[in-house]
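Please read the structure below before turning to the comments.
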Amino acid sequence: EAGVAQSPRYKIIEKRQSVAFWCNPISGHATLYWYQQILGQGPKLLIQFQNNGVVDDSQLPKDRFSAERLKGVDSTLKIQPAKLEDSAVYLCASSDGTVGYSDTQYFGPGTRLTVL
Amino acid sequence: EDQVTQSPEALRLQEGESSSLNCSYTVSGLRGLFWYRQDPGKGPEFLFTLYSAGEEKEKERLKATLTKKESFLHITAPKPEDSATYLCAVPYNTDKLIFGTGTRLQVFP
């Protein structure tokens, strides 16, 4: 079974530029998550989708971050404009959404963003 | 405030030297605790889920245990390939996970 796919793996941009990340979850997984992981810290949830609807985006900086999950499969996370403090690894995860709070989340390899 | 704390931050072991990693939490009404392994440059890899106090799960040289306040990840006779960061996480609200900062384990031959 294929895992969670993410691209690109690495991205370097100047501050105030925009960037987009793509995620393809495990086939059949209804729930998709985007996390931000700053060096030396654990992942922090940015946004959670159930199918193509947003369940939780309370920690998403909405003035610069946006995300969508069209057709309930792939998802895109965008940052515009980027700030230096956005330098981090952006992780996508998915779960099958059948149980809820105890669903196992499976992570992709992440996109390492460096903002100069 | 719901919180997950892991200790130690870093651990250096000689190959074969057993030890334990700790994960303590203050989430009320625990609905599961997850352990993940993360290698440099990779996403977290799922290891275990524990649901109730007293539960134990094993995988190769790893054994995870759970009490009402904390979880331990015991590593028996570790090998260099066990070197990684080990993360624990608990769900709060619905199924959002809150992660600890991890324990960075290095095993030397």
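What single numbered condition from (1) outside any strand (DSSP E or B); (2) touching a residue at least 40 places away in the same chain (Cβ under 8 Å); (3) away from chain A (no Cβ under 13 Å) fails to hold for B:LEU30?
(3) is the only condition that B:LEU30 fails.
Would you please list the contacts, defined by Cβ atoms under 7 Å and residues six or more apart or on different chains, that run from a residue in segment A:19-45 that is at the interface with chain B (Cβ under 8 Å from one of its Cβ atoms) and modelled with pLDDT under 95 to a residue that is in a strand (DSSP E or B) and open to solvent by 50 Å² or more (accessible area, probe 1.4 Å)?
Listed by first residue and then by second, the contacts come to A:THR31/A:GLN50.
Scan segment A:46-81 for residues that are at pLDDT 95 or above and of a type in the set (Gly, Ala, Ser) and report the count.
Going through segment A:46-81 one residue at a time, the tally reaches 3.
Would you mention how many residues in segment B:36-45 are within 14 Å of the chain's Cα centre (by Cα) and over 25 Å from B:GLN14 (Cα atoms)?
Total satisfying the criteria: 0.
Just need a number here: residues in segment A:46-58 that are facing chain B (nearest Cβ under 10 Å) and of a type in the set (Gly, Ala, Ser).
Pass one, segment A:46-58, residues facing chain B (nearest Cβ under 10 Å): A:48, A:50, A:55-56, A:58.
Imposing the further condition that a residue be of a type in the set (Gly, Ala, Ser) reduces the set to A:58.
Of the residues in that region, 1 qualify.
Mind counting the residues in segment B:51-109 that are crowded, with 21+ Cβ neighbours inside 10 Å, more than 13 Å from chain A (Cβ to nearest Cβ) and of a type outside the set (A, V, I, L, M, F, W, C)?
Of the residues in that region, 2 qualify.
Going through segment A:91-116 one residue at a time, which ones are modelled with pLDDT of 95 or more, open to solvent by 10 Å² or more (accessible area, probe 1.4 Å), within 14 Å of chain B (Cβ to nearest Cβ) and part of a loop (DSSP other than H, G, I, E, B)?
Listed by number, the list holds a single entry, A:PRO109.
If I filter segment A:70-90 for residues that are part of a loop (DSSP other than H, G, I, E, B), under 30 Å from B:SER7 (Cβ atoms) and away from chain B (no Cβ under 14 Å), do I get at least one hit?
Checked against the condition, which is being part of a loop (DSSP other than H, G, I, E, B), under 30 Å from B:SER7 (Cβ atoms) and away from chain B (no Cβ under 14 Å), segment A:70-90 yields at least one hit.
Kindly evaluate A:SER75 against the criterion of being among the hydroxyl-bearing types (Ser, Thr, Tyr), under 29 Å from B:GLU9 (Cβ atoms) and surrounded by 14 or more Cβ atoms within 10 Å (Cβ to Cβ).
Criteria not met by A:SER75.
Taking the stated definitions as given, is B:LYS42 within 14 Å of another protein chain (Cβ to nearest Cβ), free of Cβ contacts under 8 Å to residues at least 12 places away in the same chain and assigned to a strand (DSSP E or B)?
Taking the combined requirement at face value, the residue does not satisfy it.
The values are calculated or read from the model by the stated rules, or taken from the named source; none is laboratory data. Owing to the predicted nature of the structure, the values given are computational and were not obtained by experimental measurement. Here Cβ is always computed from backbone atoms with ideal geometry, including for glycine, and neighbour counts include all displayed protein chains. Side chains are part of the model used for accessible areas, which takes the heavy atoms of the whole protein and leaves out ligands, DNA and RNA. Shrake-Rupley method; radii C 1.70, N 1.55, O 1.52, S 1.80 Å.
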